[in-house]
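In what follows, a structure is listed as structure tokens, so that the remarks can point back to it.
Values in this text are rule-based calculations from the coordinates and carry no lab data. Keep in mind the model is a prediction, meaning the values are calculated, not measured. Here the Cβ positions follow ideal geometry from the backbone for every residue, glycine too, while neighbour counts run over all protein chains shown.
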Ligand code: ACM
Ligand code: ZN
């Protein structure tokens with residue numbers, strides 16, 4: 001058994017060990033220098049004989065593929081590109097950590113199962129400092145994940161500096177208090193910092209997809225620019241989580257101009273040619289009462305407000321498409337029945353019985369990414385998403401399809417106020433997720449994965465993970481799971497459900513007074 005997570009495509013282990021106790025001496029093509037420098041930085045400088053490593057480019061392999069041969073005289077790496085080489089080095093470092101410097105002699109042929117192996121971080125609910133975000137990026141590389149989805153805007157905070165609309169971060173990045181700790185909270189990234197982050201990701205062979213969630217989850221922006229909402233309401237940056245009813249007004253020209261201006265700055269910084277537009281959890285309560293939205297709906301001859309959302313997203317998509325930028329949304333797009341097929345869906349909430357509809361979407365040309373909340377929302381309880389369920393998930397929706405690009409693990413942060421909690425939620429589930437998207441189905445074995453767990457935990461601890469759930473904790477028994485879920489649900493009672501009901505009645509009364517003819 002080789003202590004590598006995710007488990008390689010194919011591996012054979014031989015008798016004997018190679019001694020890398022004093023580190024490695026690498027020979028490599030010059031363009032791979034940044035990966036080699038990073039690799040050296042993992043090991044403390046030591047005097048003594050270093051194990052030679054010869055890295056070469058192979059035209060027979062694809063960009064992310066590598067072949068790794070370890071014997072007592074040294075290590076040979078063949079890789080299809082810089083990413084494959086970086087992955088070979090990550091495997092080597094895991095073996096080094098597991099064996100305390102002694103590497104098992106082995107022949108490894110490795111390549112990913114899916115092209116899209118994503119991780120999402122919600123920095124909107126709770127701001128995560130740049131240095132901690134970078135550590136998540138390091139963990140992504142360690143797990144051979146290659147797409148970082150950065151959820152940058154929320155009702156509870158706007159996190160990206162936008163030069164044309166400075167209030168977004170001057171005021172929209174701070175909430176007066178948090179749900180539970182009742183403390184003021186805030187923070188944002190400057191454009192310079194985000195550029196630095198994108199570079200950091202690229203150096204680790206990771207693409208970045210920024211998300212500006214619209215038309216819902218926009219209360220922080222509406223706080224700064226009330227004219228973005230249907231009734232120009234002056235609202236605070238949201239303090240509590242839950243689905244908010246004041247969303248962007250789809251009937252005003254200013255809204256589209258604002259969104260396009262923001263995205264112009266976003267795409268200057270995030271250069272990977274893809275932007276996520278959210279589209280989730282956008283109740284149409286205000287749109288139904290709003291004279292601007294209703295006028296637009298009539299002008300366009302639309303049947304309902306869901307179609308208005310599809311129209312709104314399609315317009316933004318056209319703006320991005322003209323710049324060569326691809327658009328992703330959450331799969332709520334489906335409710336409009338008018339979602340263009342060239343928008344990729346991150347699928348999060350489809351019931352088992354409706355999965356065939358998603359398959360039909362792929363048949364009509366839509367790309368999908370499996371982000372199913374169970375088991376891939378890492379903020380959910382271990383009771384709801386136990387380690388075993390993350391590991392054993394099929395990943396494919398219904399059956400394999402070329403437009404099923406892969407999957408994404410997501411860490412929302414409503415209940416994740418600090419990095420320690422974030423790590424506890426993420427590990428060891430991220431290891432199980434990585435194996436589900438990297439390793440072929442027939443090579444995956446949960447018991448064998450558990451046997452690699454002690455070495456995995458040592459690796460994580462050696463790399464600064466602050467808290468890891470034990471295997472027992474990550475697969476809670478019925479009784480513990482019940483209480484864990486109860487606690488989670490109790491906390492959910494702090495949602496704005498009741499507040500929304502009262503507020504909706506207030507807005508309805510006001511709308512009736514102000515727009516009696518509508
Ligand atoms: C989501 O969980 N609202 C995408
Ligand atoms: Zn409106």
Task: Residues in the range 65-79 reached by a label modelled at residue 10 [backbone nitrogen below 19 Å; 7 Å Cα→Cβ] - done: 65-71, 76-79
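By counting other Cβ atoms within 10 Å of each Cβ, how are 276, 356 ranked from fewest to most?
On the way: 276 22, 356 12.
Placing the least packed residue first, the sequence is 356, 276.
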Open item on the list: Helix 497-514 against the longest principal axis of the chain: what's the angle in degrees, Cα atoms only, rounded to the nearest 10?
Closed with: 40
Task: log₁₀ of I(q)/I(0) at q = 0.07, 0.08, 0.09 Å⁻¹ - the chain, Debye sum with one point per alpha carbon - done: -0.41, -0.53, -0.67
Task: Length released on extending from residue 254 to residue 364, taking residue separation times 0.36 nm less the Cα-Cα span - done: 36.2 nm
Open item on the list: Restricting to Cα atoms and excluding each atom paired with itself, what does the Kirkwood estimate give for the range 166-302 in Å?
Closed with: 16.4
TODO: Provide 478, 207 in ascending order of the number of other Cβ atoms located within 10 Å of each residue's Cβ, fewest first.
DONE: 478, 207
Task: Computed FRET value (nearest 0.05) for residue 321 with residue 499, which takes r as the C-beta separation and R₀ as 25 Å - done: 0.05
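Expressed in nm to one decimal, what extension gain is obtained for the pair residue 509 and residue 388 from 0.36 nm per residue of sequence separation less their Cα-Cα distance?
Details: separation 121, 0.36 × 121 = 43.56 nm, distance 5.04 nm.
Full-extension gain reported as 38.5 nm.
Taking 0.36 nm per intervening residue step and subtracting the Cα-Cα distance, what contour gain separates residue 71 from residue 461 on full extension?
Working: separation 390, 0.36 × 390 = 140.40 nm, distance 2.77 nm.
Stretched fully, the residue 71-residue 461 segment lengthens by 137.6 nm.
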- [ ] Under 1.5 on a/c is rounded, so check that first for the range 118-205, then, if it is not, pick prolate when a/b is larger than b/c and oblate when it is not; a ≥ b ≥ c are the square roots of the alpha carbon gyration tensor eigenvalues.
- [x] oblate
- [ ] Compute the distance in nm between two label points, each set 7 Å from the Cα along the Cα-to-Cβ direction, one at residue 478 and one at residue 138.
- [x] 4.3
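Arrange the following residues from fewest to most other Cβ atoms within 10 Å of their Cβ: 284, 10, 144. Mind showing how you got there, number by number?
On the way: 284 20, 10 13, 144 26.
In order of increasing Cβ crowding within 10 Å: 10, 284, 144.
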TODO: Mind jotting down the distance between the C-alpha centroids of the range 54-71 and the range 207-243, whole Å?
DONE: 47
Task: Folded to 0 to 90 degrees: helix 429-438 orientation relative to the chain principal axis, Cα - done: 80
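Would you please classify the overall shape of the range 416-500 from the alpha carbon gyration tensor, given that a ≥ b ≥ c denote the square roots of the eigenvalues, rounded means a/c under 1.5, and beyond that prolate means a/b larger than b/c while oblate covers the rest? Let's see the in-between values first.
Working: a/c = 2.13, a/b = 1.78, b/c = 1.20.
Since a/c reaches 1.5 and a/b is larger than b/c, the shape of the range 416-500 is classed as prolate.
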Task: Modelled label reach - residue 190, point 7 Å along Cα→Cβ, the range 239-265 residues with backbone N closer than 20 Å - done: 265
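Which FRET efficiency, nearest 0.05, do residue 374 and residue 488 yield, Cβ-Cβ r, R0 22 Å?
Values: r = 13 Å, r/R0 = 0.60.
The calculated FRET efficiency here is 0.95.
Just to verify a number: FRET efficiency for residue 298 and residue 421, C-beta to C-beta distance, R0 = 60 Å, to 0.05? Show your work: numbers first, answer last.
Details: r = 48 Å, r/R0 = 0.80.
Given R0 = 60 Å and the Cβ-Cβ separation, E is 0.80.
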